[in-house]
Amino acid sequence: MIRAGIVGLGKMGISHCAILGAHPQVDLVAVCDTSSLVIDGFTKHSTVACFTDYKKMIDNSNLQCIVIASPTKYHSEMVNYALDHNLHVFCEKPFALKVEEGVKLSEKAESLGLVNQVGYHNRFLGTFQEVKRLLGQDVLGDLYHFLGESYGPVVLREKGSTWRSEKGQGGGCLYDYASHTIDLIHFLCGRGVKVGGTMLKSIFSKQVEDAVYSTLLLEGGLSGQLSVNWSDETHRKMNTQVTLLGKKGKIIADATEVKIYLKEANEKLNLPKGWTVKYLTDLTSPVDFYLRGEEYSSQIDHFIECIQDRSIKNKSPFRTASYTDEVINLLISDSTI
């Protein structure tokens with residue numbers, strides 16, 4: 001059994017707590033949060049050790065791995081302390097508010113040979129994994145454009161802000177929403193190296209942007225658009241979609257389906273000319289414990305598998321997360337609004 005601890009018991013932390021608590025290869029032995037209400041609840045209704053100081057939890061719990069789901073501004077110091085204590089680390093996204101900190105932590109984790117992962121769950125969705133597989137089979141031929149989009153209802157009025165919409169806490173729509181979209185583009189198409197025409201628009205928030213629009217250039221020469229808005233009440237929850245255009249056709253994919261249009265049939269992949277639709281239910285491997293979506297359990301399962309078998313290459317390591325942080329920094333520097 002792998003001894004695990006969690007720092008931060010907000011929405012994502014509680015989700016990770018439930019998934020780890022049900023994992024057959026994990027012994028969840030400690031949790032940490034600054035909320036006395038949350039800690040009192042865990043003390044009364046669980047057998048895990050409870051802390052309000054993450055350093056004391058790490059120092060006294062004999063952990064092998066840790067999940068960090070605190071507000072973003074604390075990620076770097078917490079990850080660094082965990083690495084200093086030889087712990088495998090799963091950190092929620094975005095990785096770091098400062099690019100240089102993310103790079104240093106990536107190098108540190110790699111040099112120590114510790115499993116490191118960031119919670120970009122789109123990499124574990126069956127639909128997006130299918131898109132990556134199809135691209136690897138050259139189903140679209142040469143790509144010439146992409147569009148990455150994310151929309152959702154986080155800040156819908158002037159007084160609707162949370163810690164996520166405070167500049168020094170969550171970093172705004174750019175860090176909280178656009179990071180997912182950028183990372184997905186990296187996963188499917190390659191690393192972003194340049195941006196242009198960036199607009200960071202405040203709609204309701206005072207300190208941060210509520211929408212992000214930009215053009216991205218990837219290292220292989222492919223370019224496309226980024227369109228993200230967390231003040232869109234037409235969506236019940238966050239919705240992320242990617243559109244890819246190639247010489248042989250087009251793919252549109254989100255968390256529920258993959259739509260493929262081919263100009264000519266691909267007999268090797270058994271895809272006809274015209275439209276083909278593949279659904280998430282047919283593309284996702286089952287998980288032992290379902291919570292919110294298979295991808296959330298799948299990413300934790302992967303983290304544990306990597307700890308058990310160091311030969312497995314992590315699908316969402318600190319290194320790729322730091323690439324996303326670098327693009328975010330480019331967007332901030334390029335912004336005209």
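Values in this text are rule-based calculations from the coordinates and carry no lab data. For clarity, every value in this text was computed on a predicted model and none was experimentally measured. All Cβ positions, even for glycine, are placed from backbone atoms using ideal geometry, and neighbour counts span all protein chains on display.
Some observations on this one:
- Extension gain (nm, one decimal) between residue 142 and residue 193, 0.36 nm per residue minus Cα-Cα: 16.4 nm
- Compared with the alpha-carbon gap, the fully stretched path from residue 84 to residue 3 is longer by 27.5 nm at 0.36 nm per residue.
- Taking the Cα centre of the chain as origin and assigning +1 to Lys and Arg Cβ atoms and -1 to Asp and Glu Cβ atoms, the resulting dipole is close to 460 debye.
- Full-stretch length increase - residue 285, residue 333 - with 0.36 nm per residue and alpha-carbon distance subtracted: 13.2 nm
- Pair residue 36, residue 18: separation of 7 Å Cα→Cβ label points (nm): 2.8
- Helix 126-136 and the long axis of the chain differ in direction by around 50°, with both axes built from C-alpha atoms.
- Charge dipole of the chain about the Cα centre (unit charges at C-beta), most positive-ward option of 220, 86, 42: 220
- Rounded to the nearest 20 debye, the dipole size of the range 2-120 about its Cα centre is 180 debye, using +1 on the Cβ of Lys and Arg and -1 on the Cβ of Asp and Glu.
- Estimated FRET transfer efficiency (residue 156, residue 292; beta-carbon r; R0 22 Å; 0.05): 0.55
- In the chain, the longest principal axis of the Cα atoms and the axis of helix 36-45 are about 80 degrees apart.
- For the chain, relative contact order (Cα pairs under 8 Å, six or more residues apart, normalised by length) works out to 19 percent.
- For the chain, share of DSSP beta bridges that run antiparallel, in % to the nearest 5: 60
- For the range 2-120: rounded, prolate or oblate by the Cα gyration tensor [a/c cutoff 1.5]: prolate
- Amide H within-cut-off set for residue 193, under 5 Å, with H built and near neighbours excluded: 217, 218, 219
- Efficiency of FRET from Cβ geometry, residue 25 and residue 45, R₀ 25 Å, rounded to 0.05: 0.60
- Dipole-positive endmost among 238, 113, 70 within the chain (Cβ charges, Cα centre): 238
- With respect to the chain, whose longest principal axis is taken over its alpha-carbon atoms, helix 11-22 is tilted by about 70°.
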